[in-house]
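Visitor: Got a structure for you, questions after.
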Amino acid sequence: MHPMSAAVAWVGAHPAVTAPIIGARSVEQLQASLDSIKIDMTPQLYAELAALSRTPPPATDRLEEQKKS
């Protein structure tokens, strides 16, 4: 599994993401991004990949908007 393919598949599986935005400077990079559809992003695999990075804090501007409502 190419790391770029895994990254695009992981982002695409996030419930808040409509579609991952990809950028490629070569056909090889584009192919790696497109190969993400071949990855079966199970909940277990998603959790394993998510555990590799820390969760960012919530956006404070969104919290302020919620308080005004």
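Visitor: Using 0.36 nm per residue of separation minus the Cα-Cα distance, give me the extension gain between residue 38 and residue 21 in nm, one decimal.
Guide: Between residue 38 and residue 21, full extension yields 4.4 nm more.
Visitor: How far is it, in nm, from the label point at residue 7 to the one at residue 31 when both lie 7 Å from their Cα along the line to the Cβ?
Guide: About 1.9 nm separates the two model spin labels.
Visitor: How do 11-20, 32-41 rank on mean C-beta neighbours within 10 Å, highest first?
Guide: Taking the mean over residues of other Cβ atoms within 10 Å, the ranking is 32-41, 11-20.
Each reported figure results from applying straightforward, stated rules to the coordinates on display, with no laboratory input. As the structure is a computational prediction, the values presented were derived from the model and not from experiment. Neighbour counts run over all protein chains shown; Cβ positions are idealised from the backbone, glycine included.
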